[in-house]
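Here's the structure, in structure tokens; my notes come after.
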Amino acid sequence: MPTTTRVFNFSAGPAVLPVPVLEQAQRDLVALPGVGMSVMEISHRSKVFEDLLAGAIAALRDLAGVPPNYRILFLQGGASLQFTMVPMNLLKTGTTADYVDTGTWAVKAIEEARRVGTVNVTGSTKADRYNRIPTQAELHLTPGASFAHITSNNTIEGTEWKAFPDVGTVPLVADASSDILSGPIDVSRFGLIYAGAQKNLGPSGVTLVIVREDLLERSDKNLPTMLSYKVQAENNSLYNTPNTFGVYIFGLVMQWLKSLGGLAAVARLNQHKAALLYSEIDRTGFYRGTAQAESRSLMNITFRLPSEELEKTFDRQASAAGFDGLKGHRSVGGLRASIYNAFPEEGVAGLVDFMREFERTHG
Ligand code: PMP
């Protein structure tokens with residue numbers, strides 16, 4: 001294979017980016033048109049970068065309908081640092097933070113919040129090996145909680161919230177790392193949304209935070225400066241040097257999503273791609289989906305074969321056939337096809353053909 005031929009990249013993250021975005025970045029890499037330098041070589045305080053940042057924010061605001069009373073921040077430290085920043089900024093002393101435990105990343109968020117204050121795990125599907133999302137009736141929310149935290153898509157277990165929980169007036173906080181902008185989102189239902197960029201938004205090293213303005217008042221002035229949402233918002237994410245290249249790619253991804261027809265169109269594409277794969281998984285019983293049907297993720301499709309031996313063989317042969325990154329997360333095993341926004345439909349169709357052939361020869 002020529003070294004520049006692209007494989008079908010099913011990686012959970014960092015994940016596939018849209019080819020038009022990569023091509024644009026390639027054209028701009030040595031010199032941004034009219035600037036004579038690459039985006040990595042210009043000051044983050046320059047007019048050029050200020051415009052790129054403003055453009056990225058405006059494009060997201062437009063695309064996702066982010067209301068004016070929400071701030072859009074580009075931070076660093078990944079979604080993992082948000083596990084710390086969320087409770088540090090939003091958890092008021094003497095109160096509780098509610099967390100719903102739906103998988104590995106939710107557990108990590110809970111562990112970090114416990115280092116900061118009092119946590120109430122308001123619901124958990126651990127007993128079901130996280131193969132589903134809890135129902136509203138299963139949640140035991142704390143009246144007057146500082147916030148309630150969910151993981152909107154569970155990257156490792158392959159489940160997603162189809163409808164967000166009703167938490168009354170308590171601010172709802174979502175780790176949307178693995179499903180952000182996979183479809184329309186009513187931002188006004190949330191107090192704060194965060195996401196590492198490396199699945200649906202851009203390269204790793206930039207973390208998107210969308211936060212309701214009134215919540216910024218909760219950031220204590222004695223917080224470490226870099227960990228204060230208030231400081232980050234007051235400085236428009238330029239308190240220190242941001243990931244300038246990451247913000248630039250993020251802006252290109254927003255333009256690409258717009259060119260597809262916006263988030264409703266993106267949702268239709270994602271539903272179609274996921275349906276192709278789930279219907280193959282369900283076709284004969286050779287493949288077995290690990291998530292319960294009503295909780296199945298459109299982004300991370302987890303499945304098993306009759307034996308671990310066959311799973312290994314499947315992954316090896318799939319890689320050789322140009323379907324890369326299908327091995328499940330090391331903590332759960334099995335197989336996982338991550339099909340984020342930028343994953344092409346022909347790759348899904350190709351995998352379905354591969355699965356049929358594999359079943360015919362190994363089933
Ligand atoms: N939350 C979720 C849902 C994730 O999928 C991931 C990464 N796969 C993380 C948090 C951690 O993200 P990061 O590596 O950006 O800290």
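The values are calculated or read from the model by the stated rules, or taken from the named source; none is laboratory data. Note that this is a predicted model, so its numbers are computed, not measured. Positions of Cβ are backbone-derived with ideal geometry, glycine not excepted, and every protein chain shown enters the neighbour counts. The accessibility values were calculated without ligands, DNA or RNA, using every heavy atom of the protein model including side chains. Shrake-Rupley method; radii C 1.70, N 1.55, O 1.52, S 1.80 Å.
For this structure, a couple of remarks:
- Some residue of the range 279-295 being assigned to a strand (DSSP E or B) and over 19 Å from P14 (Cα atoms): yes
- Complete set of residues in the range 1-54 that are open to solvent by 50 Å² or more (accessible area, probe 1.4 Å), within 30 Å of N154 (Cβ to Cβ) and part of a helix (DSSP H, G or I): V19, P20, L22
- Meets criteria (at pLDDT 95 or above and either assigned by TED's automatic domain parsing to the domain that holds W105 or in a loop (DSSP other than H, G, I, E, B) (or both)) for A274: no
- Odd one out for Y130 among (1) among the aromatic types (F, W, Y); (2) open to solvent by 10 Å² or more (accessible area, probe 1.4 Å); (3) away from the ligand (no atom under 16 Å from the Cβ): (3)
- Every listed requirement among (1) open to solvent by 20 Å² or more (accessible area, probe 1.4 Å); (2) in contact with a helix residue (DSSP H, G or I) (Cβ under 8 Å, 6 or more places away or on another chain); (3) of a type outside the set (S, T, Y); (4) at negative phi is met by N236 save one, (4).
- Qualifying residue in the range 196-203 (condition: open to solvent by 10 Å² or more (accessible area, probe 1.4 Å) and free of Cβ contacts under 8 Å to residues at least 40 places away in the same chain): no
- Tally, over the range 137-160, of residues that are within 16 Å of the ligand (Cβ to nearest atom) and farther than 16 Å from Y340 by Cα: 3
- The listed residue being open to solvent by less than 30 Å² (accessible area, probe 1.4 Å), within 30 Å of Y248 (Cα to Cα) and within 13 Å of the ligand (Cβ to nearest atom), out of G103, G78: G78
- When residues of the range 174-205 are limited to those that are within 12 Å of the ligand (Cβ to nearest atom), assigned to a loop (DSSP other than H, G, I, E, B) and among the small types (G, A, S), the one farthest from V107 (Cα to Cα): G202
- Of all residues in the range 315-363, those satisfying the criterion of being free of Cβ contacts under 8 Å to residues at least 40 places away in the same chain, of a type outside the set (D, E, K, R) and open to solvent by 70 Å² or more (accessible area, probe 1.4 Å) are A320, T361.
- The residues of the range 74-105 that are assigned to a strand (DSSP E or B) and either more than 22 Å from L139 (Cβ to Cβ) or in contact with a Leu (Cβ under 8 Å, 6 or more places away or on another chain) (or both), listed by number, are F74, L75, A97, D98, V100.
- For the range 164-173, the tally of residues that are in a loop (DSSP other than H, G, I, E, B) and either open to solvent by 30 Å² or more (accessible area, probe 1.4 Å) or within 16 Å of the ligand (Cβ to nearest atom) (or both) stands at 4.
- Screening the candidates T122, T169 for the property of being more than 28 Å from I339 (Cβ to Cβ), polar (S, T, N, Q), in the same structural domain as D98 (by TED's automatic domain parsing) and without any contact (Cβ under 8 Å) to a residue 24 or more places away in the chain yields one hit, T169.
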